[in-house]
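Data block below; observations after.
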Amino acid sequence: VESIEFSISDNLDHLSESIRSYRKRLKQIHSEHLILHGPFLDLVPYSFDSEILKTSEKRYEQSYQAAVELGAEKIVYHTCYYPGVYFPDIWAERTTDFYQNFLDKHHEVGIVLENVLDTDWRPIKKVAEAISDPHFGLCLDIGHAHCYGEELVTEWVRNLNPYCRHLHVHDNHRGRDEHLALGQGNLPLQQMLSLLQETPADTCTIECMEISQVRQCCKVLRESGWDTAKH
């Protein structure tokens, strides 16, 4: 289970209550593994404005606390990169500084950085190369890379593979972030799955809207040789 419960500001505003409530829900879900999705809306962890940076740090801290208390294996944070707003190199430099400082204080739960609107894999790779901490890695969202990336998703996989610790799996037709089952869009599926056999990522979240689509993704992954029980 990858929960978005603690990416929502209202839940972070009532953190202790939210953690208690979700702990009860986890017992009902009967999931042995939990990954949390950190907050991202309106946050700029690479901001030059000290007040905006302070708010971003506070929200990241709160969600990380939830991850620790709930025994999550990893927490996913977005790159929060918006093309055309910041220069990519400045984004990479500022983001590296933010996570290096964050990791100085947080080592209980692994942190993975997810691509969303990012058009280029190179700035993300710079961050991954610069942070040599075993608690930090990348969450490669193949659907986002296919939809928003200027290069083919296979190039994203090939270049980011060594730094991947978690994957988000879904498909689309490259014009819109549709979150379809694998094979329902136009991802270069066999090439991508072949490349992903080399990834060190040991967890994977299927991000589809319908249970039938989740089952379809599991079927495709199993047929390609993935151990879906392991991931």
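Annotation: per residue accessible area for region 1-144 equals 49 Å², rounded to a whole number [probe 1.4 Å, protein chains only].
How much length is gained on full extension from VAL68 to LYS54, taking 0.36 nm per residue of separation minus their Cα-Cα distance?
Working: separation 14, 0.36 × 14 = 5.04 nm, distance 2.10 nm.
In short, 2.9 nm is gained.
The number of Lys pairs in the chain with C-alpha atoms less than 18 Å apart, excluding pairs fewer than 8 positions apart on the same chain, is 5.
For the chain, leaving out every one of the trypsin sites (Lys or Arg not before Pro) that falls in a DSSP loop and has at most 10 other Cβ atoms within 10 Å, the longest unbroken run is 1-104.
Excluding ASP10 itself, calculate the net charge of residues whose Cβ lies under 14 Å from the Cβ of ASP10, where each Lys or Arg counts +1 and each Asp or Glu counts -1. Kindly include the intermediate steps, with their values, before the conclusion.
Working: positive: ARG59; negative: GLU5, ASP13, GLU17, ASP42.
Once all neighbours under 14 Å are counted, the net charge is -3.
For mean projected area of the Cα convex hull in nm², the value computed from the atomic coordinates appears in the list (i) 12.0; (ii) 14.7; (iii) 13.7 under label (i).
Taking other residues whose beta carbon is less than 13 angstrom from the beta carbon of ARG174, and scoring Lys, Arg as +1 and Asp, Glu as -1, yields -4.
When only alpha carbons are used to place a centre, region 133-194 and region 8-50 end up 24 Å from one another.
Need one number: % antiparallel among DSSP beta bridges in the chain, to the nearest 5. Mind dumping the intermediate values first?
Details: 1 of 22 bridges.
Roughly 5 percent of the DSSP beta bridges within the chain come out antiparallel.
Based on DSSP H runs of at least 4 residues, each adding -39500 (n - 2.57), what is the mean residue ellipticity at 222 nm of the chain after dividing by all its residues, to the nearest 500 deg cm²/dmol? Don't skip to the end; give the middle numbers.
Working: 9 runs with 101 residues, N = 231.
That calculation yields -13500 deg cm²/dmol at 222 nm.
Taking GLY175, GLY183, GLY84 as the candidate residues, the one with maximal mean-square fluctuation in a Gaussian network model of the chain, Cα springs under 10 Å, is GLY84. Within the listed set ILE52, ILE75, ILE211, the residue fluctuating most in the Gaussian network model of the chain (springs between alpha-carbon atoms under 10 angstrom) is ILE211.
Most simply put, region 105-186 has about 10% antiparallel DSSP beta bridges, counting only bridges with both residues inside it.
The values are calculated or read from the model by the stated rules, or taken from the named source; none is laboratory data. Quantities reported herein were computed from a predicted structural model and do not represent experimental measurements. Neighbour counts are summed over all protein chains in view; Cβ atoms, including those assigned to glycine, are modelled from backbone coordinates with ideal geometry. Calculation scope for accessible area: heavy atoms of the full protein, side chains included, ligands and nucleic acids excluded. Shrake-Rupley method; radii C 1.70, N 1.55, O 1.52, S 1.80 Å.
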